[in-house]
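Everything below concerns the one structure shown next.
A short reminder: the numbers here are calculations on the coordinates, not readings from a lab. A quick note: this is a predicted structure, and the numbers were derived from the prediction, not measured. Glycine also receives a Cβ, built like all others from the backbone with ideal geometry; neighbour counts cover every protein chain displayed.
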Amino acid sequence: MHDVGKQYFMVWEPITGKLCRISKPSSFSPYQMTLTAAAIVCASTDRGHIHGACHSDPFQVVVVAGDSERFYGCVYSSETRAWGNLFWIMRPPQIRTTRATYGSQLFRNSICLLLIEEKIAILEFDWSRQNLVIIDVPYALDFYDFFTARSQFLIKLSDGGGLSFVAQKVFTVHVWKRTSDGDGVATWMLVNTIDLSSVLSLGLPEDLWMHLVILASDGDGNVLFRKTSSRVVYVVNLESRKVKKLPKTYPFKVGHPFSSFYTPGMHLNTGHDNEVQKISGA
């Protein structure tokens, strides 16, 4: 969470309820830069550390912002209580504003963002290597189709931890995976093509307009699709093609999958006065 006027970030630990207020980098101009993405990353280097119970471990706040000419990246450390160096890259001429930025994905020591305007590309801020790069998407995408809701695009983690690019047009989904050869040169490889009308038993579309919209993706290879006419939400695993239909309908246009966890031995109140369930594992 961030406050533009008061110039600080608020980091919230939902399990403990702890709030931490962090001042923005002094190099960030509040009225010239637009915050594009931010993420919390566990910075623990303890041997045997398991992410998920990080209530008191050191953390980093990774921030990406932009102005009319550049994209910027910066990292805050809870151990030093200070921001690191500000890194930047020139903005491609076909991407003039930050308003078109759509979605973000943590990938190893990087945060990746999908930039959609006249050109569709991926912005990667690697805070380990301390650089920002622009990555071309797998093929020439139809800019008009996106803004007329006929196409959708998404970046996500693939099975094995790689970066995937998902392109959906009407009911057809193409899944591309970014791989590196022996010389370290990264390329896109088409690994899956899915006919959602068959997988979801939807039948033929009435026209070419989008009847399914992408809500979000999670860290387990699943993508949430919402059927616009009935507001039904499907969870589709793009690797296995397994489908789960959620029991309720949802009117919202944007969703954020949330995974919770419990400490072994913790008791969970189920909502009934005399009923308590013991959780035996995380």
- request: Obtain the nm distance between the two label points defined at ASP195 and LYS248 by a simple spin-label model: each point lies 7 Å from its Cα along the Cα-to-C-beta direction.
  value: 3.4 nm
- request: Starting from the Cα-Cα distance between ARG231 and SER23, subtract it from 0.36 nm times their residue separation and give me the gain in nm to one decimal.
  value: 70.8 nm
